[in-house]
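To start, the structure under review is shown below, and the notes come after it.
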Amino acid sequence: MTEVVLEASGVGFSYGGLVVIERLDLAVAKGEFVACVGPSGCGKTTLLALLGGHIAPARGTLQRRGRSRTIYQDGGLFPWLTVHDNVACGLPPRLDGGAREHKVAEWLAVTRLTEFADLYPHQLSGGMRQRVELARALAAESDTLLLDEPMGSLDYQTRLRMRRELVATLRERPRTVVFVTHDIEEAVQLGDRVIVLGPRPTSVRRVITLPPGRPRLPTAPGVPDAEQAIMEELGLT
């Protein structure tokens, strides 16, 4: 039986008198990669905050199992710390001494950052900074990654490389992922399922399941049809 790690049932949330999310139902299975797309301002970031436990639903129920870590588009690296020390900040407090160094070295190797360990964030490209964010989040031993437009500020070629980096890292160190993006191509190339959200107050409008294998090529079976279906649902055709 598939283990569900995130489950929202009839969830609603408001900022004052502004209803942002209403009657939202969503279940995410362990190890699943779920991509969320929707109109600008529909409440995607608010949904991640709910799933991460940073805010509580005003209505409905939300169950979370395991630990989660959120990565935001603008990043959260400490500019005064090196790559090595930023990754070390993500480690559980129980680790010390040689155990900490071993774990940092492991995650730097997994994300191909070993040779950049002594550099500072301002000395890195945007894509490399995102890899440091990913390494730090994974080092925290979180069960679920909540990604809020983590590649939104990158140029197209760097985004393509980062998609491959993310897939390769998850292949080596599996996690459950909820990935918010405005990029429909990105959603269908990475997600096991794509959740299409409606305009505010948002709820799930449609769920599209993709064939196995990621990242998918733009011409892979099911990808063009999924893109077309999402664009129709969002009123873009």
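Derivation of every value follows stated rules applied to the coordinates shown; laboratory data play no part. From a predicted model like this one, the values you see are computed outputs, not experimental measurements.
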Let me see the P(r) profile for the stretch 161-237: every Cα-Cα distance counted, bins of 10 Å, each bin given as a percent of all pairs. 18, 51, 26, 5
Provide, in order from the shortest bin, the percent of all Cα-Cα pairs of the chain in each 5 Å bin, continuing until the bin that contains the maximum pair distance. 1, 6, 14, 17, 19, 16, 13, 8, 4, 1, 0, 0
Using alpha carbons only, how many degrees (0 to 90, rounded to 10) separate the axis of helix 156-172 from the longest principal axis of the chain? 80
Take the Cα atoms of the stretch 13-153, find their three principal axes, and give me the spread along each one in whole Å, biggest first. 48, 31, 26
Once both axes come from the Cα atoms, what is the angle between helix 126-139 and the longest principal axis of the chain, in degrees from 0 to 90, rounded to 10? 90
Over the stretch 78-140: Rg over Rh, Cα atoms, Kirkwood Rh: 0.93
